[in-house]
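**Q** I have a structure here, written as structure tokens, and I will follow up with some questions on it.
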Amino acid sequence: MFTMIIGEEGEYGRRLRKYLETHWTGSLRLHSFTKPETLRASEEEADCYLLEEGFFHSMQEEGELPPDFPARCILISGEEREDCFCRYHPPDELIRMIEKRRALLEAAGGRGGGMVIALYSPVFEPELERIAAAGMKPGDLYLGMEDVGDPRSENRNMGDLCYFIGLRSKDMAAMVKEAAREEDGIWRVDSPGLYLDLLELMPEEYQWFFQCLKESGEYGDIYVGLGSGIFSHLPLNILFDRLLIIDSRSHRRQHFACSCLERAMQSESRRFHGICERRYREEIVDAAAQ
């Protein structure tokens, strides 16, 4: 049973519900809400959320959204924009968007384990692991592939694991568990002292490594904190299901770089086919400090 939730305050939401009820192929459970607070109070969950932009922003302001919410949400806009559905277009286009999003999520979940999620800041972000932790749940894994590691760490790190990844060791998942430190059910592998160790592996070796972790069933989602040294070395579309771009409201150059990167990820030549989102570091770090 595929579940959808429509969030729209006006008549369009009612007409869209009727269209989906008559044109969706397969079993469908459909809920419609006209107020964000009513949706949050209902605690209903869906495979796909169809939300008018104002409705979505109200939910963001009034309450914390689940970590995977953007991956399951399609915004309904009054204008043509990337990754949004324009309400003036034929609704059969929306059905195709939903089916594409559904296939992407099923493919990510069908490889064994959860998603592989990359986090990247174009400016060195000392709180990248902390930012990742804000969206993680017990059972998830964080892999540090940042430019510079913590000099105080005495644990084995991703640089140590690179040798065994290159050998495609049969006990790779167990080696990761030995190297990882666990806190509140979340597993973390530290970044190497310097990113040069990470450049010794080819992209296909990283692909094998992530697939090995997913198939092991040891972890939920796998979060990968990327530094600039490794970022351009990896084929994002092959390795990652989601890309979280870490922006800043106070750092002008970082904000500009993130805008350029987001446009690049949407361009035809570099298009990222997974879920690409922009997150503001101040909102996450400040919220965690309270």
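**Q** State yes or no: is Arg270 closer than 14 Å to Ala132 by Cα and either touching a Cys at 6+ places or on another chain (Cβ under 8 Å) or not hydrophobic (A, V, I, L, M, F, W, C) (or both)?
**A** On the way: closer than 14 Å to Ala132 by Cα: no; either touching a Cys at 6+ places or on another chain (Cβ under 8 Å) or not hydrophobic (A, V, I, L, M, F, W, C) (or both): yes.
No; evaluated as a whole, the condition is false for this residue.
**Q** Going through region 117-132 one residue at a time, which ones are farther than 22 Å from Phe210 by Cβ and either open to solvent by less than 10 Å² (accessible area, probe 1.4 Å) or in a loop (DSSP other than H, G, I, E, B) (or both)? Give the derivation first.
**A** At the first step, the residues of region 117-132 found to be farther than 22 Å from Phe210 by Cβ are 122-124, 126-127, 130.
Pro122, Val123, Phe124, Pro126, Glu127 - these are the residues of region 117-132 that are farther than 22 Å from Phe210 by Cβ and either open to solvent by less than 10 Å² (accessible area, probe 1.4 Å) or in a loop (DSSP other than H, G, I, E, B) (or both).
**Q** Any residue that is basic (Lys, Arg), closer than 23 Å to Val148 by Cα and within 19 Å of the chain's Cα centre (by Cα) - is there at least one of those in region 281-288? Explain how you work it out, then say what you get.
**A** Residues of region 281-288 that are basic (Lys, Arg), as a first pass: 281.
Restricting the remaining residues to those that are closer than 23 Å to Val148 by Cα gives 281.
Remaining after also requiring within 19 Å of the chain's Cα centre (by Cα): 281.
Yes, region 281-288 has at least one match.
**Q** Then there is this: For Phe231, only one of the following conditions fails: (1) on the phi > 0 side of the Ramachandran plot; (2) in contact with a Phe, Trp or Tyr (Cβ under 7 Å, 6 or more places away or on another chain). What is its number?
**A** The number of the failed condition is (1).
**Q** Now for a separate question. Please determine, by comparing only the residues of region 238-270 that are of a type in the set (D, E, K, R) and surrounded by fewer than 13 Cβ atoms within 10 Å (Cβ to Cβ), which one is nearest to Pro70 (Cα to Cα).
**A** Taking region 238-270 as the starting set, the residues that turn out to be of a type in the set (D, E, K, R) are 241-242, 247, 249, 252-253, 262-263, 268, 270.
Those still in the list that are surrounded by fewer than 13 Cβ atoms within 10 Å (Cβ to Cβ) too: 249, 252-253, 263, 268, 270.
On the way: Arg249: 20, Arg252: 25, Arg253: 26, Arg263: 18, Glu268: 22, Arg270: 21 Å.
Ranking the qualifying residues of region 238-270, first place goes to Arg263.
**Q** Now for a separate question. Check Leu39, Leu20 and return the single one that is farther than 18 Å from Leu94 by Cβ and at pLDDT 85 or above. Full working, then the answer.
**A** Numbers: Leu20 fails: farther than 18 Å from Leu94 by Cβ.
That would be Leu39, the only listed residue that is farther than 18 Å from Leu94 by Cβ and at pLDDT 85 or above.
**Q** Run Phe256 past the list (1) within 16 Å of the chain's Cα centre (by Cα); (2) of a type in the set (Phe, Trp, Tyr); (3) at pLDDT 90 or above and report the number of the one that doesn't hold.
**A** Against the list (1) within 16 Å of the chain's Cα centre (by Cα); (2) of a type in the set (Phe, Trp, Tyr); (3) at pLDDT 90 or above, Phe256 comes up short only on (1).
**Q** Is there any pair linking a residue in region 59-86 that is small (Gly, Ala, Ser) and at pLDDT below 75 to one that is crowded, with 17+ Cβ neighbours inside 10 Å and assigned to a helix (DSSP H, G or I), with Cβ under 7 Å and at least six apart or on different chains, and which?
**A** From residues that are small (Gly, Ala, Ser) and at pLDDT below 75, the pairs are Ala71/Leu105.
**Q** While we're here: Gly135 - would you say it is part of a loop (DSSP other than H, G, I, E, B), modelled with pLDDT under 90, open to solvent by 30 Å² or more (accessible area, probe 1.4 Å) and under 16 Å from Val224 (Cβ atoms)?
**A** On the way: part of a loop (DSSP other than H, G, I, E, B): yes; modelled with pLDDT under 90: yes; open to solvent by 30 Å² or more (accessible area, probe 1.4 Å): no; under 16 Å from Val224 (Cβ atoms): yes.
Considered against the rule, which asks whether it is part of a loop (DSSP other than H, G, I, E, B), modelled with pLDDT under 90, open to solvent by 30 Å² or more (accessible area, probe 1.4 Å) and under 16 Å from Val224 (Cβ atoms), Gly135 comes out as no.
**Q** Here are some conditions: (1) part of a helix (DSSP H, G or I); (2) modelled with pLDDT under 90. Leu161 meets all but one. Which one does it not meet?
**A** With respect to (1) part of a helix (DSSP H, G or I); (2) modelled with pLDDT under 90, Leu161 is out only on (2).
**Q** Looking at region 201-212, which of its residues are assigned to a helix (DSSP H, G or I) and closer than 12 Å to Leu239 by Cβ? Talk me through it step by step, then tell me what you get.
**A** So in region 201-212, the residues assigned to a helix (DSSP H, G or I) come out as 203-212.
Listed by number, the residues that qualify are Pro203, Glu204, Glu205, Tyr206, Gln207, Trp208, Phe209, Phe210, Gln211.
**Q** With respect to Gly193, is the statement that it is of a type in the set (Gly, Ala, Ser) and open to solvent by 30 Å² or more (accessible area, probe 1.4 Å) true?
**A** Values: of a type in the set (Gly, Ala, Ser): yes; open to solvent by 30 Å² or more (accessible area, probe 1.4 Å): yes.
So Gly193 passes the test.
**Q** Can we say Leu198 is in a loop (DSSP other than H, G, I, E, B), open to solvent by less than 30 Å² (accessible area, probe 1.4 Å) and more than 18 Å from Gly114 (Cα to Cα)? Give the steps one after another, and end with the answer.
**A** Working: in a loop (DSSP other than H, G, I, E, B): no; open to solvent by less than 30 Å² (accessible area, probe 1.4 Å): yes; more than 18 Å from Gly114 (Cα to Cα): yes.
For Leu198, the condition - in a loop (DSSP other than H, G, I, E, B), open to solvent by less than 30 Å² (accessible area, probe 1.4 Å) and more than 18 Å from Gly114 (Cα to Cα) - is not met.
**Q** If Glu45 satisfies every condition in (1) farther than 26 Å from Phe272 by Cα; (2) open to solvent by 50 Å² or more (accessible area, probe 1.4 Å); (3) over 22 Å from the mean Cα position of the chain (by Cα); (4) in contact (Cβ under 8 Å) with a residue 40 or more places away in the chain but one, which is the exception?
**A** (3)
**Q** Please enumerate the residues belonging to region 164-179 that are part of a loop (DSSP other than H, G, I, E, B) and either touching a strand residue (DSSP E or B) at 6+ places or on another chain (Cβ under 8 Å) or surrounded by fewer than 12 Cβ atoms within 10 Å (Cβ to Cβ) (or both). Spell out how you get there, then give the answer.
**A** So the first thing to find is which residues in region 164-179 are part of a loop (DSSP other than H, G, I, E, B), and the list is 168-171.
Passing the criteria: Arg168, Lys170, Asp171.
**Q** Would you pick out the residues in region 180-190 that are in a strand (DSSP E or B) and either open to solvent by less than 60 Å² (accessible area, probe 1.4 Å) or touching a helix residue (DSSP H, G or I) at 6+ places or on another chain (Cβ under 8 Å) (or both)?
**A** Of all residues in region 180-190, those in a strand (DSSP E or B) come to 181-183, 186-190.
Result: Ile186, Trp187, Arg188, Val189, Asp190.
**Q** Right, next: What is the residue count in region 236-253 for residues that are more than 14 Å from the chain's Cα centre (by Cα) and either at pLDDT below 90 or of a type in the set (D, E, K, R) (or both)? Lay out the reasoning, then the answer.
**A** Initially, region 236-253 is screened for residues more than 14 Å from the chain's Cα centre (by Cα), giving 238, 247-253.
If we keep only those that are either at pLDDT below 90 or of a type in the set (D, E, K, R) (or both) too, we end up with 238, 247, 249, 252-253.
Here the count works out to 5.
The values are calculated or read from the model by the stated rules, or taken from the named source; none is laboratory data. This one's a predicted model, so the numbers in the text were calculated from it and none came from an experiment. Note: ideal-geometry Cβ built from the backbone for every residue, glycine included; neighbour counts use all protein chains shown. All accessible areas refer to the heavy atoms of the entire protein, side chains included, with ligands and DNA or RNA removed. Shrake-Rupley method; radii C 1.70, N 1.55, O 1.52, S 1.80 Å.
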